[in-house]
1. With every protein chain in place, what's the accessible area of residue 24 (1.4 Å probe, Å², nearest 10)?
2. How big is the accessible area of residue 40 in square angstrom, nearest 10, if you roll a 1.4 angstrom probe over the protein chains?
3. Rank these by accessible area, largest first, 1.4 Å probe: 4, 47.
4. Taking the full set of protein chains and a 1.4 angstrom probe, give the accessible area of residue 35 in square angstrom, rounded to the nearest 10.
5. Rolling a 1.4 Å sphere over the protein heavy atoms, what is the accessible area per residue of segment 47-88, to the nearest Å²?
6. Mind listing which GluC sites (Glu not before Pro) in segment 27-65 are in a DSSP loop and have 13 or fewer other Cβ atoms within 10 Å?
7. Quote the relative contact order of segment 1-74 in percent (integer), defining contacts as alpha-carbon pairs under 8 Å separated by 6+ residues.
Amino acid sequence: GVRRFKLLESFTGEDAYLIGNVEMLNDDPFDSPEIPRLMDKIESLFRQYFEILLAQTGMDLPEFNLPRDPEELSFVIAAVLDSDNEFRQSLLEMTDTHCRLAIESERLEAELSQIKTAPPQVLYEQTMIDAERRKDFHSRN
């Protein structure tokens, strides 16, 4: 998993190994003046989100740095958002960094609203359920 790709066709080779033809996926070039503001907003939202989740479980917030590259940041956020696998997969399939960041910002705001009002035990139980649900996830790509 270093680069994203779309499987165009697959077949079984002579040694019973799956072989496929793929198309490499790249994000479309972006030059939006909104991206730096959106990245700052997402970083602030994510720090709040992470801090609340850890506080609910009794853990301290570790020191961390989020990527400053918009595309990398969008993939990190997609990977850690507490959402169903279909939503996460849809983010990974997007090729528009600005759009991915905007959707992630909306989702972080919604998640923050939910976790700020959830009782600690409910939040902890939901986090454990979500972790178990993700364990068997397989990408459609």
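1. For residue 24, solvent-accessible area is about 80 Å².
2. Ignoring ligands and nucleic acids, residue 40 comes out at about 90 Å².
3. Working: 4 40, 47 75 Å².
If we order 4, 47 from most to least accessible, we get 47, 4.
4. 10 Å²
5. Details: 2420 Å² over 42 residues.
Normalised by residue count, the accessible surface of segment 47-88 is 58 Å².
6. Values: sites: 34, 43, 51, 63; in loops: 34, 63.
Hits after loop and neighbour filter: 34, 63.
7. Details: 47 pairs, mean separation 15.1, N = 74.
That works out to 20 percent.
The values are calculated or read from the model by the stated rules, or taken from the named source; none is laboratory data. Please read these numbers as outputs of a predicted model, since none were measured by experiment. Don't worry about glycine lacking a Cβ; one is built from the backbone with ideal geometry, like all the others, and counts go over all protein chains shown. Accessible surface is based on the protein model in full, side chains and every heavy atom, while ligands, DNA and RNA are left aside. Shrake-Rupley method; radii C 1.70, N 1.55, O 1.52, S 1.80 Å.
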